[in-house]
1. GLN75 is checked against (1) closer than 30 Å to THR126 by Cα; (2) outside any loop (DSSP other than H, G, I, E, B) and fails just one. What number does that condition carry?
2. Residue under question is VAL109, and the condition is that it be part of a helix (DSSP H, G or I), in contact (Cβ under 8 Å) with a residue 12 or more places away in the chain and either open to solvent by less than 70 Å² (accessible area, probe 1.4 Å) or over 23 Å from GLU12 (Cβ atoms) (or both); does it hold?
3. Just checking, how many residues over region 77-88 are surrounded by 14 or more Cβ atoms within 10 Å (Cβ to Cβ) and either of a type in the set (Gly, Ala, Ser) or touching a helix residue (DSSP H, G or I) at 6+ places or on another chain (Cβ under 7 Å) (or both)?
4. Any residue in region 141-155 that is under 13 Å from ALA67 (Cα atoms) and either open to solvent by 60 Å² or more (accessible area, probe 1.4 Å) or touching a Cys at 6+ places or on another chain (Cβ under 9 Å) (or both)?
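The values are calculated or read from the model by the stated rules, or taken from the named source; none is laboratory data. Treat the numbers as computed from the prediction; the structure is a model and nothing was measured. Glycine gets a Cβ as well: all are built from the backbone with ideal geometry, and neighbour counts include every protein chain shown. The area values use the complete protein model at the heavy-atom level, side chains included, leaving out ligands, DNA and RNA. Shrake-Rupley method; radii C 1.70, N 1.55, O 1.52, S 1.80 Å.
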Amino acid sequence: MRIDQLDADLIELLTDSPMLPVMECARRLGVARGTVSSRLARLHEAGVIRGIVPRIEPAGFGYTLVAFCSVEIIQKYGHDPVATALEEAIPEIVDMYTVTGTSDLQLRVVARTPEDLQDIFNRINTVPGVARTSSSFALHEHFQGRTLPLVEACAKAGSATVQTDQ
């Protein structure tokens, strides 16, 4: 699927104001309500938009420390079972990726205090299948989830092609 400028404008509008009703989106974009509804349905079906939800900031409720944790797993356990166990056991893990390189998983965790962060790392190390971890602190966030410039560039170039499972 190709993303055009209207798609990009709609994505930006809902990124900034996820609770905006379809009718208000249509008014602000200068198009019919049906156009907005059909564009949203198409973007959802193609996997461009996974959901329209408020963006939650853990720092807003006290989780001001951010750290990255590299996890090496015991290979016989496998990535998916360890990832699932970590997800179920540690709510402070906000992002998790299987990665290449010297570690197997890369986690982004949040904590309220350095002591809490140490506790989180201790709990990660007790999950079956975790062999060892290493970590680093984030000192300053420059940006996160930066996708709007990519959407805008693709819309201008007319080159955004989305692969679907169909």
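1. GLN75 satisfies every listed condition except (2).
2. Working: part of a helix (DSSP H, G or I): no; in contact (Cβ under 8 Å) with a residue 12 or more places away in the chain: yes; either open to solvent by less than 70 Å² (accessible area, probe 1.4 Å) or over 23 Å from GLU12 (Cβ atoms) (or both): yes.
Criteria not met by VAL109.
3. Residues flagged as surrounded by 14 or more Cβ atoms within 10 Å (Cβ to Cβ) and either of a type in the set (Gly, Ala, Ser) or touching a helix residue (DSSP H, G or I) at 6+ places or on another chain (Cβ under 7 Å) (or both) within region 77-88 amount to 3.
4. yes
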